[in-house]
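A.B. asks: This is the structure I want to talk about, given as structure tokens.
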Amino acid sequence: MQLQSLDRVNNYFETNALRIADAKEKGNKVVGIYCIYAPAEIILAADAICVSLCGTKQDSIPAAESVLPRTLCPLIKSSYGFLVNDSCPYLAASDLVIGETTCDGKKKMFEIMAADKNLFVMHLPYDQASEMALTSWQEQFHLLVARLEQDLSARITREKLLAAIAVVRRERQALKRVFDSAKHKPAPVTGMQLLELAFKTSFLPDKEEGISLLNAVADELETRIKTGQSPFTDQTPRIILTGVPTGMGSHKVVALLEECGASVVCIDNCVGYKKTRIAIDAAPDASQDEIIAALAKRYLAIPCSVMTPNPNRFATLKELALDFAADAVVDLSWQGCHTYNVEARAVKEFVNTELGLPCLRLESDYSTGDSEQLRTRIEAFLEMLPGKK
């Protein structure tokens, strides 16, 4: 079942690179980010366009492997391959690229990338509980402000920060409206549609247009719920997909799950639901330093597997399983992604014992070579779900 509002998103996305090129000609600056630990609010407060650069396609990986190890995770290789091939208009348009030390592979890749791109690397602490970690992370935010002001000839003020926080909050709320529609049983939207929407709206140069497009999708989905329209039935297994980032080009597990008869109702990763959940607590009369402190606290709380220990991921999974009435969890790791691969065992035990749900652990890459093997495993897993044969 196609969504007319999603068609509008697709049409907008097709001309997105041209819109950014036009904005550049008019003097606008572009900042590229690889991770949701990079604070979009500070980028907007510098009057810059914020675009996602995370690689999700297989075709850029061979070029990257001429420099990077083949055993490195596909996300890093795909991201770097865009630079080698000069095949990503968003990376080419970026006046500044923000990296972050979320893993060893990424930070070493950024070292190489710095020879060709204007790069600022944020050093992420891995402890969410200590005051020392928060203080260190706040310092990274202040350094980012200084770098943006210097490189973009910008002036970041408390008023601009508060305005940017309000815009990003409305963007996250609009995206969450879309995601939350899948809490209804049966879901009015497919997991592939959710993934496509979240992925494509992460590149839009005009936040207000993006918010309008997202709310239009949410409105259409609410209408579907009221009129009983769904591509699924009440008996369709409801799956939460957790783990590594996925996007268009690295979407095969989402597609296979639904081809095999499941409904992916929640995508718990940094492309999906994870980036909508945490609000920012900044008072309207807060000073600029207090605002930056609130931003740092919000971003440090993101429950990525790079955090150690990482109790927030498990608390989030429990909440999502209840909210989305999940029948099972699928945990996806990319080959070479050590943090998610190591954490996968604990996730499976938690889902089985604490949530009382079946859990399928999958490890793959961006290629299609293992698609039929994955299909066989997914089909067998779905057939074993209680009452869902």
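The values are calculated or read from the model by the stated rules, or taken from the named source; none is laboratory data. Here the structure is a predicted model, which is why all the values come from computation and not from measurement. Note that we place each Cβ from the backbone using ideal geometry, even for glycine, and neighbour counts take in every protein chain shown. Ligands, DNA and RNA are excluded from the accessible area calculation, which covers all protein heavy atoms including side chains. Shrake-Rupley method; radii C 1.70, N 1.55, O 1.52, S 1.80 Å.
A.B. asks: Out of all the residues in segment 45-81, which are part of a helix (DSSP H, G or I) and either surrounded by fewer than 23 Cβ atoms within 10 Å (Cβ to Cβ) or on the phi > 0 side of the Ramachandran plot (or both)?
C.D. replies: Let us first name the residues in segment 45-81 that are part of a helix (DSSP H, G or I), namely 45, 58-64, 74-81.
Hits for segment 45-81 are Gln58, Asp59, Pro62, Ala63.
A.B. asks: Kindly indicate whether Val306 is under 28 Å from Thr71 (Cα atoms), part of a loop (DSSP other than H, G, I, E, B) and either out of contact with any Leu (no Cβ under 6 Å at 6 or more places or on another chain) or of a type outside the set (Lys, Arg) (or both).
C.D. replies: Values: under 28 Å from Thr71 (Cα atoms): yes; part of a loop (DSSP other than H, G, I, E, B): yes; either out of contact with any Leu (no Cβ under 6 Å at 6 or more places or on another chain) or of a type outside the set (Lys, Arg) (or both): yes.
The answer is yes for Val306.
A.B. asks: Determine if segment 249-260 includes at least one residue that is outside any helix (DSSP H, G or I), hydrophobic (A, V, I, L, M, F, W, C), modelled with pLDDT of 95 or more and under 30 Å from Leu385 (Cα atoms).
C.D. replies: Taking segment 249-260 first, the residues outside any helix (DSSP H, G or I) are 249-251, 260.
Now drop any that are not hydrophobic (A, V, I, L, M, F, W, C), which leaves 260.
Narrowing the set further to residues that are modelled with pLDDT of 95 or more leaves 260.
Then drop every residue that is not under 30 Å from Leu385 (Cα atoms), which leaves 260.
Yes, there is a match, as at least one residue in segment 249-260 is outside any helix (DSSP H, G or I), hydrophobic (A, V, I, L, M, F, W, C), modelled with pLDDT of 95 or more and under 30 Å from Leu385 (Cα atoms).
A.B. asks: Same structure, new question: Taking the condition of being within 21 Å of Gly32 (Cα to Cα), touching a strand residue (DSSP E or B) at 6+ places or on another chain (Cβ under 7 Å) and at pLDDT 95 or above, how many residues in segment 170-224 meet it?
C.D. replies: Of the residues in that region, 1 qualify.
A.B. asks: A further question on this structure: Residues being of a type outside the set (Gly, Ala, Ser) and over 27 Å from Asp180 (Cβ atoms): count how many of those fall in segment 335-359. Explain how you work it out, then say what you get.
C.D. replies: Filtering segment 335-359 down to residues of a type outside the set (Gly, Ala, Ser) leaves 335, 337-343, 345, 347-355, 357-359.
Next, only the ones that are over 27 Å from Asp180 (Cβ atoms) stay: 335, 337-339, 341-342, 345, 349, 353.
Summing the residues that are of a type outside the set (Gly, Ala, Ser) and over 27 Å from Asp180 (Cβ atoms) in segment 335-359 gives 9.
A.B. asks: Within the group Gly356, Gly369, Gly387, which residue is modelled with pLDDT of 95 or more, under 16 Å from Ala326 (Cα atoms) and either open to solvent by 30 Å² or more (accessible area, probe 1.4 Å) or touching a Pro at 6+ places or on another chain (Cβ under 6 Å) (or both)?
C.D. replies: When all the criteria are applied, what remains is Gly356.
A.B. asks: Give me the pairs: first residue in segment 77-91 and more than 12 Å from Gln58 (Cβ to Cβ), second residue in a helix (DSSP H, G or I) and of a type in the set (Lys, Arg), beta-carbon distance under 9 Å, and six or more apart or on different chains, which are they?
C.D. replies: Between residues of segment 77-91 that are more than 12 Å from Gln58 (Cβ to Cβ) and residues that are in a helix (DSSP H, G or I) and of a type in the set (Lys, Arg), the close pairs are Ser79/Lys106.
A.B. asks: On the basis of being out of contact with any Lys or Arg (no Cβ under 6 Å at 6 or more places or on another chain), under 30 Å from Leu221 (Cβ atoms) and open to solvent by 10 Å² or more (accessible area, probe 1.4 Å), does Leu3 make the cut?
C.D. replies: Numbers: out of contact with any Lys or Arg (no Cβ under 6 Å at 6 or more places or on another chain): yes; under 30 Å from Leu221 (Cβ atoms): yes; open to solvent by 10 Å² or more (accessible area, probe 1.4 Å): no.
No.
A.B. asks: Here is a further query. Hey, among Glu354, Glu343, which residue is under 22 Å from the mean Cα position of the chain (by Cα) and among the charged types (D, E, K, R)? Spell out the reasoning first.
C.D. replies: Numbers: Glu354 fails: under 22 Å from the mean Cα position of the chain (by Cα).
The unique qualifying residue is Glu343.
A.B. asks: Taking the conditions exactly as written (basic (Lys, Arg), at pLDDT 95 or above and under 29 Å from Glu319 (Cα atoms)), does Lys160 satisfy them or not?
C.D. replies: Values: basic (Lys, Arg): yes; at pLDDT 95 or above: yes; under 29 Å from Glu319 (Cα atoms): no.
No: the conditions fail for Lys160.
A.B. asks: When you scan segment 226-248, do you find a residue that is modelled with pLDDT of 95 or more and in a helix (DSSP H, G or I), even just one?
C.D. replies: Yes, because at least one residue in segment 226-248 is modelled with pLDDT of 95 or more and in a helix (DSSP H, G or I).
A.B. asks: Among the residues of segment 6-34, write down those that are crowded, with 20+ Cβ neighbours inside 10 Å, under 16 Å from Cys88 (Cβ atoms) and not aromatic (Phe, Trp, Tyr).
C.D. replies: Ile20, Val30, Val31, Gly32, Ile33
A.B. asks: Being open to solvent by less than 10 Å² (accessible area, probe 1.4 Å) and part of a loop (DSSP other than H, G, I, E, B) is the filter; apply it to segment 282-302 and report the residue that is farthest from His142 (Cα to Cα).
C.D. replies: Out of the qualifying residues, it is Ile302.
A.B. asks: Could you tell me whether Phe179 is closer than 23 Å to Pro89 by Cβ and open to solvent by less than 20 Å² (accessible area, probe 1.4 Å)? Before you say what the answer is, go through the steps one by one.
C.D. replies: On the way: closer than 23 Å to Pro89 by Cβ: no; open to solvent by less than 20 Å² (accessible area, probe 1.4 Å): yes.
No: the conditions fail for Phe179.
A.B. asks: Moving on to the next point. Would you mention how many residues in segment 116-150 are aliphatic (A, V, I, L, M) and either surrounded by fewer than 16 Cβ atoms within 10 Å (Cβ to Cβ) or farther than 20 Å from Cys304 by Cβ (or both)? Before you say what the answer is, go through the steps one by one.
C.D. replies: Going residue by residue through segment 116-150, those that are aliphatic (A, V, I, L, M) are 119, 121-122, 124, 129, 132-134, 143-146, 148.
Remaining after also requiring either surrounded by fewer than 16 Cβ atoms within 10 Å (Cβ to Cβ) or farther than 20 Å from Cys304 by Cβ (or both): 119, 129, 132, 143, 145-146, 148.
Result for segment 116-150: 7.
A.B. asks: Also, quick follow-up: Limited to segment 217-232, what total is found for residues that are open to solvent by less than 50 Å² (accessible area, probe 1.4 Å) and either within 21 Å of the chain's Cα centre (by Cα) or acidic (Asp, Glu) (or both)?
C.D. replies: Looking only at that region, the number is 3.
A.B. asks: Mind listing just one residue for me: the one in segment 192-220 that is small (Gly, Ala, Ser) and in contact with a Gly (Cβ under 9 Å, 6 or more places away or on another chain) and, of those, nearest to Lys274 (Cα to Cα)? If you could, list the steps in order and put the result at the bottom.
C.D. replies: Keep residues of segment 192-220 that are small (Gly, Ala, Ser), which gives 198, 202, 210, 212, 216, 218.
From the residues that got through so far, the ones that are in contact with a Gly (Cβ under 9 Å, 6 or more places away or on another chain) too are 198, 202.
Details: Ala198: 11, Ser202: 14 Å.
Ranking the candidates gives Ala198 first.
A.B. asks: I've got another one for you. Look at Asn85 and say whether it is in contact with a Ser or Thr (Cβ under 9 Å, 6 or more places away or on another chain), over 24 Å from Val244 (Cβ atoms), open to solvent by 10 Å² or more (accessible area, probe 1.4 Å) and modelled with pLDDT of 95 or more.
C.D. replies: no
A.B. asks: If a residue must be in contact (Cβ under 8 Å) with a residue 12 or more places away in the chain and outside any helix (DSSP H, G or I), how many such residues does segment 12-33 contain?
C.D. replies: Here the count works out to 6.
A.B. asks: When only residues in segment 333-351 that are assigned to a helix (DSSP H, G or I) and in contact (Cβ under 8 Å) with a residue 60 or more places away in the chain count, which is most open to solvent (accessible area, probe 1.4 Å)?
C.D. replies: The selected residue is His338.
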